[in-house]
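The values are calculated or read from the model by the stated rules, or taken from the named source; none is laboratory data. All values derive from a computational prediction rather than experimental measurement. As a convention, Cβ positions derive from the backbone with ideal geometry for all residues, glycine included, and neighbour counts pool all protein chains shown. Calculation scope for accessible area: heavy atoms of the full protein, side chains included, ligands and nucleic acids excluded. Shrake-Rupley method; radii C 1.70, N 1.55, O 1.52, S 1.80 Å.
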Amino acid sequence: MAEKCLVNSSCNNSSNNTFSLYCFQKRTTIQSNFRNVSTITCSSFKKGFYIRNNVSPNRAFKSMAYQEKSRFIILESSKRKKVPLFVMMPEDTFGIDTSGNAKIKKIRAIAASLKALKSAGVHGITVEVWWGIVERSSPSEYNWQVYEELFKLISDSGLKLHVALSFHANMHLTTNGKQGVSLPLWIMEIGRLNNDIYYRDRHGFSNHDYLTLGVDRVPIFCGRTALQCYEDFMLSFKKKFEHLMGSIIKEISIGLGPSGELRYPAHPSNDGRWRFPGIGEFQCYDKYMMEDLELVACIEGKPEWGCKGPENAGCYNSVPDGVPFFEYGPESYVSDYGQFFLEWYSGKLLRHADVILEKAAKMLEKYQNDGPDSVLLVAKIAVVYWWYYTGSHPAELTAGYYNTPLRDGYDPLALMLSRHGAALRVSCFEMNDHDMPRGYHCGPEGLLQQIWTVSKERLVQLTGQNETEIFDTQGLMQIIANCYNPHRAGVKSFTYSRMNAKVFIPENWNNFSRFVRHMNLE
């Protein structure tokens, strides 16, 4: 979801009012009701933390040979277990023919690529199963033909499947946004008449990648709610491909938001509104979300809190300094109103995932035996790592992760996943802190460590993925080091994103093949 870090000299890199706060080394328990902490001193925030100074540009920029040697030492000293490696299909796998039906593009090239990946030792293929393809034209009419063909091609190659049930669009991932997969055509027709079925920011701009959480329980989709549409799709998939469950289909991830991730589209890079490292904006201004906020505020006894979101939270490309909501004061995220709003905003996201994963877990109940024919249920979240080493974690807050020095935002998420026996899929395995640009307080490693810690405590399995396109030895070794870190629980599997022509360039293929061999070591 996040773009690769690029230094933007025009951004304000000052950190006058920004704490460089690191994660708890040992998490402290915070009472769920902490509305009376609106006036907190600086020393209060430092309690339980240590201050992390900006990384020196000379720190750890060792030679690649030294880095690789040190990582190999870690790997050899750890207790190794094979990590099944899945490779994601190309983003332009499917096209639409003249009759309006989906087709597999470049099928001969795909068949040859699958054979090469199998020979290299890849375990399986990740396939996005698009709502916009299967239920494309009419509600409750499912056409699985293109996936029957693709799944047979993959299984005939001797590869397993990770199926990603995708309820979002990916138009912006392709050239000029003119190709790719949209939401179902009949959904888009409803959206033309009622634009409030999509997320909306405070300026009135809508995001058409995913339906707003506000319509989860509103029966405006030909008599069905959004949740019922998702459930019907999952049940149709199970009925069609049950004969492959456990034998060929080994993992199923459930799309929960834009890019399949459980988050709000707070950082929309596809239309130019946002660019890295902007803090993003809250996405709750469609009429359905605002009606819910108004209702919850009335129940709280504060009806004045229900008419709008924070008005002092900056804009998409703001930095935290000088933005009152993300600093400390009577109108900030630690105020009574700030805590109320963030609890509501993040809580809507958690309840959305809770309901969908409950239905998915019930669907897969007979395959949850952890045996050779089991199917792993997976949910994906975004790793919003910029501004992580600040007190307010603004980019995480706008994305829906209520993670601050006073509140571990990933613990309630892990607890919810644990109830459903679902694994957590996180990206950025190829990133490290010292390669990030200075001034933006990026913390991919710190954030991964926090997620790892709460997942271990809640007995939630992790699966990994790379965020950026990666072919070089250094990045691939960073993935291996994360997968086999002796101080963490091992990852259940890893998804390499993604298959394309660049993978098979001789130098890249040699690096990738060595990477696969390391992942396959017992």
### Query
For segment 413-512, which trypsin sites (Lys or Arg not before Pro) are both in a DSSP coil and crowded by at most 14 other Cβ atoms within 10 Å?
Arg438
### Query
Assuming R0 = 35 Å, what is the FRET efficiency of Asp336 and Lys287, from their Cβ-Cβ distance, to the nearest 0.05?
0.85
### Query
For segment 456-512 and segment 259-284, what is the separation of their Cα centres, given in Å?
25 Å
### Query
Roughly how many percent of the accessible protein surface of segment 270-328 is carbon and sulfur, given a 1.4 Å probe and a whole-percent answer?
52 percent
### Message
Placing unit charges on C-beta atoms (Lys and Arg positive, Asp and Glu negative, everything else neutral), compute the dipole magnitude of segment 275-346 about its Cα centre in debye, rounded to 20.
### Response
200 debye
### Message
Starting from a Cα-only point model with no solvent, please compute log10 I(q)/I(0) by Debye for segment 326-478 at q = 0.08, 0.20 1/Å.
### Response
-0.27, -1.27
### Message
Under a crude label model (7 Å from the Cα following the beta-carbon direction), how far is His203 from Lys240 in nanometres?
### Response
3.9 nm
### Message
For a Förster distance of 51 Å, can you work out the FRET efficiency between the beta-carbons of Gln145 and Cys307, rounded to the nearest 0.05?
### Response
0.55
### Summary
XL table Lys239/Lys492; Lys118/Lys238; Lys81/Lys103; Lys239/Lys287; Lys118/Lys492; Cα-Cα > 31 Å flagged, in table order, is Lys81/Lys103; Lys239/Lys287
### Message
Could you tell me which residue out of Ser455, His487, Ser513 lies farthest along the dipole of segment 448-522 toward its positive end? Charges go on the beta carbon: Lys and Arg +1, Asp and Glu -1, centred on the Cα centre.
### Response
Ser455
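Output the relative contact order of segment 469-522, whole-number percent, from Cα pairs under 8 angstrom with separation of 6+ residues.
It comes to 48 percent, rounded to a whole number.
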### Query
Can you give me the relative contact order of segment 232-295 as a percent, contacts being Cα pairs under 8 Å and 6 or more apart?
15 percent
## Note on the structure
A correct Karplus calculation of ³J(HN,Hα) over segment 370-385, with 6.51 cos²θ - 1.76 cosθ + 1.60, θ = phi - 60°, whole Hz and x for Gly and Pro, returns 6, x, x, 9, 7, 10, 8, 8, 10, 10, 10, 10, 7, 9, 8, 9
### Query
Using a probe of 1.4 angstrom, how much of the accessible area of segment 396-485 is carbon and sulfur, in percent?
49 percent
### Over 24 Å between alpha carbons, listed pairs Lys240/Lys502; Lys82/Lys240; Lys240/Lys359
Lys240/Lys502; Lys82/Lys240
### Task
Could you check the simple spin-label distance between Asn520 and Ile104, using points 7 Å along Cα→Cβ, in nm with one decimal?
2.2 nm
### Summary
Residue-normalised value, i.e. accessible area per residue, for segment 272-338 at 1.4 Å probe, in Å², stands at 40 Å²
### Task
Mind ranking 345-353, 393-401 by how tightly packed they are, going by the mean number of other C-beta atoms within 10 angstrom, highest first?
393-401, 345-353
### Task
Quickly work out the Asn194-to-Arg217 label distance, labels modelled 7 Å from Cα along the C-beta direction, and quote it in nm with one decimal.
1.6 nm
